[in-house]
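Here is the structure we will look at.
The values are calculated or read from the model by the stated rules, or taken from the named source; none is laboratory data. Here the structure is a predicted model, which means the values were calculated and not measured. Ideal geometry is used to build each Cβ from the backbone, glycine not excepted, and the neighbour counts take in all protein chains shown.
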Amino acid sequence: MAVQFDGGVVVGADSRTTTGSYIANRVTDKLTQIHDTIFCCRSGSAADTQALADIVHYHMQLYAVQHGEKPPVKVVASLFQELCYQNKDALMAGIIVAGCDKVNGPSVYNIPLGGSLHKEEFAIGGSGSAYIYGFCDDYFKPNMTRDECVEFTTIMAVQFDGGVVVGADSRTTTGSYIANRVTDKLTQIHDTIFCCRSGSAADTQALADIVHYHMQLYAVQHGEKPPVKVVASLFQELCYQNKDALMAGIIVAGCDKVNGPSVYNIPLGGSLHKEEFAIGGSGSAYIYGFCDDYFKPNMTRDECVEFVKKAVSLAMLRDGSSGGVIRLAVITPDSVERIFVPGNELPNTNKVEPTATMAVFFFQAFGCDHQPPDGDQTCFGYGLTGPPP
């Protein structure tokens, strides 16, 4: 991760290197100094990224000698990008370049797998980055101080003191085609019990219909409303018995007179988990960090509503399969309140601005500051694909 603040940049990384499931090194340094005030953060194959860092480091030393000045951060990022793009089928490398130069001051560039180049105010990468996109989008603000930088389909249900709040986006997709922009993914199973559906719309609708039918029978036979746990257990049994045929993630939430408010998560595979809050669907990976940081036990109703709205909207910003509007339900032992949030009123709508993305040829990038010799398609007369001599 790298974050630009007013006056510099902060870079950080974990230290674990793995070979499959085997932890090869627990204290790896993934921050590599390319020049005096320019670092790269490495993710992916350690062998690939170490080799790339060595090549770029070598060429930036030559650059400094030939030009009598330190290289700009953009030059370093462009060389990384060119190497990653030219060798994209052979490399597994994600690189973040961050540093300061006298021309542009502090800057951060992200070169993810594939070799595209992105100038950003903050950048995250590696296998753990998916879990903190929502947190970073919410926490980051421009011109943070140094100390602030150092700290630095989606369905959801949250239990509060007196009830539960459930929420979901409204996009249904068939591959890349958006089949429905305003789907209601919150299905009422009984008076004060709802399920949130993710995965195959056909599978989850069929499951919800079966459980709804059996809960109506339960109420007639027992003369009382079914407990939330009974509903969750039936969903879990159906999902587990048919786990090879279904693609269904279910969250069951509601209130009953025995246990009060409760939330159960039944992810793919059919396991059952009782939780204070649960998230699911394709967009959930992007907001785990945000939810872990934001959630606190015994939140009020209004705090829960804002929590769910903000979390789902953050997931919608990052996940291409989540979108549309947000639908919520506030469930208490005596009532259900449905809330609709249209697309133009979503929180965080303007939080992330799109950034230009392009693959820049190395000699073109250098051409901004230093024109290469006539007819020379390498940079300043030396090649870039081989290792340092």
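For (1) outside any strand (DSSP E or B); (2) modelled with pLDDT under 95; (3) in the same structural domain as G281 (by the TED database), each residue gets a yes or a no:
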{"residue": "H212", "(1), (2), (3)": "yes, no, yes"}
{"residue": "M215", "(1), (2), (3)": "yes, no, yes"}
{"residue": "Y218", "(1), (2), (3)": "yes, no, yes"}
{"residue": "P226", "(1), (2), (3)": "yes, no, yes"}
{"residue": "F235", "(1), (2), (3)": "yes, no, yes"}
{"residue": "K243", "(1), (2), (3)": "yes, yes, yes"}
{"residue": "I250", "(1), (2), (3)": "no, no, yes"}
{"residue": "A253", "(1), (2), (3)": "no, no, yes"}
{"residue": "L268", "(1), (2), (3)": "yes, yes, yes"}
Given the conditions (1) under 18 Å from G7 (Cβ atoms); (2) more than 20 Å from the chain's Cα centre (by Cα), every one holds for V108 apart from (2)
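Hey, among the residues in the range 301-329 that are of a type in the set (S, T, N, Q) and either more than 17 Å from the chain's Cα centre (by Cα) or under 22 Å from A253 (Cα atoms) (or both), which one's modelled with the highest pLDDT? Before the answer, list the steps.
Step one: filter the range 301-329 for residues of a type in the set (S, T, N, Q), giving 313, 321-322.
Checking the rest, the ones that are also either more than 17 Å from the chain's Cα centre (by Cα) or under 22 Å from A253 (Cα atoms) (or both) come to 313, 322.
Working: S313: 93, S322: 90.
Step by step, filter the range 301-329, then rank; the result is S313.
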Just one listed residue, out of A77, A98, A90, is surrounded by fewer than 19 Cβ atoms within 10 Å (Cβ to Cβ), under 30 Å from the mean Cα position of the chain (by Cα) and of a type outside the set (V, I, T), and it is A90
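Taking the range 289-339, which residues are among the hydroxyl-bearing types (S, T, Y) and either part of a strand (DSSP E or B) or touching a strand residue (DSSP E or B) at 6+ places or on another chain (Cβ under 7 Å) (or both)?
T300, S313, S321, T332
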Listed by range, strands (runs of 3 or more DSSP E) wholly within the range 73-162 having at least 2 residues that are among the hydrophobic types (A, V, I, L, M, F, W, C) are 93-101, 105-111, 155-160
Wholly inside the range 18-60, strands (runs of 3 or more DSSP E) that include 1 or more residues that are at pLDDT 90 or above are 31-35, 38-44
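Of the residues that make up the range 71-90, is at least one among the aliphatic types (A, V, I, L, M), in contact with a Cys (Cβ under 6 Å, 6 or more places away or on another chain) and in the same structural domain as I55 (by the TED database)?
From the range 71-90, those among the aliphatic types (A, V, I, L, M) are 73, 75-77, 79, 83, 90; that's our starting set.
Filter again for in contact with a Cys (Cβ under 6 Å, 6 or more places away or on another chain), leaving none.
Checked against the condition, which is being among the aliphatic types (A, V, I, L, M), in contact with a Cys (Cβ under 6 Å, 6 or more places away or on another chain) and in the same structural domain as I55 (by the TED database), the range 71-90 yields no hits at all.
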Picked from the range 170-210 (must be part of a loop (DSSP other than H, G, I, E, B) and among the acidic types (D, E)), the residue farthest from I250 (Cα to Cα) is D191
Evaluate the range 172-190: report whether one residue or more is surrounded by 17 or more Cβ atoms within 10 Å (Cβ to Cβ), modelled with pLDDT of 95 or more and either at positive phi or among the β-branched types (V, I, T) (or both). yes
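Go through Q159, Q188 for me and flag whichever is under 25 Å from D302 (Cβ atoms) and touching a Pro at 6+ places or on another chain (Cβ under 6 Å).
Numbers: Q188 fails: touching a Pro at 6+ places or on another chain (Cβ under 6 Å).
Step by step, each of Q159, Q188 is checked, and only Q159 is under 25 Å from D302 (Cβ atoms) and touching a Pro at 6+ places or on another chain (Cβ under 6 Å).
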Might you let me know whether the range 286-301 holds any residue that is buried (at least 18 other Cβ atoms within 10 Å of the Cβ), under 19 Å from Y240 (Cα atoms) and touching a Lys or Arg at 6+ places or on another chain (Cβ under 9 Å)?
-> no
Restricting the range 192-226 to residues that are touching a strand residue (DSSP E or B) at 6+ places or on another chain (Cβ under 9 Å) and of a type in the set (F, W, Y), the one nearest to M156 (Cα to Cα) turns out to be F194
How many residues of the range 193-212 are in contact with a Lys or Arg (Cβ under 7 Å, 6 or more places away or on another chain) and closer than 15 Å to V230 by Cα? The answer is 1
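Hey, among S262, S233, which residue is under 22 Å from P297 (Cα atoms) and out of contact with any Phe, Trp or Tyr (no Cβ under 7 Å at 6 or more places or on another chain)? Even if it seems obvious, please write down each step before you answer.
Working: S233 fails: under 22 Å from P297 (Cα atoms).
Checking each option against the conditions leaves just S262.
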Of the residues in the range 303-352, those that are closer than 27 Å to K225 by Cα and acidic (D, E) come to D334, E337
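I'd like the full set of residues that are part of a strand (DSSP E or B) and closer than 20 Å to A123 by Cα, limited to the range 5-17.
Here is the first cut: in the range 5-17, the residues part of a strand (DSSP E or B) are 5, 8-11, 17.
Correct list: F5, G8, V9, V10, V11.
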Here the residues within the range 8-52 that are touching a Lys or Arg at 6+ places or on another chain (Cβ under 7 Å), of a type in the set (G, A, S) and either closer than 16 Å to G99 by Cβ or not assigned by the TED database to the domain that holds P71 (or both) are G8, A13
Selection over the range 55-73 where residues are buried (at least 18 other Cβ atoms within 10 Å of the Cβ) and touching a Lys or Arg at 6+ places or on another chain (Cβ under 9 Å) yields a count of 4
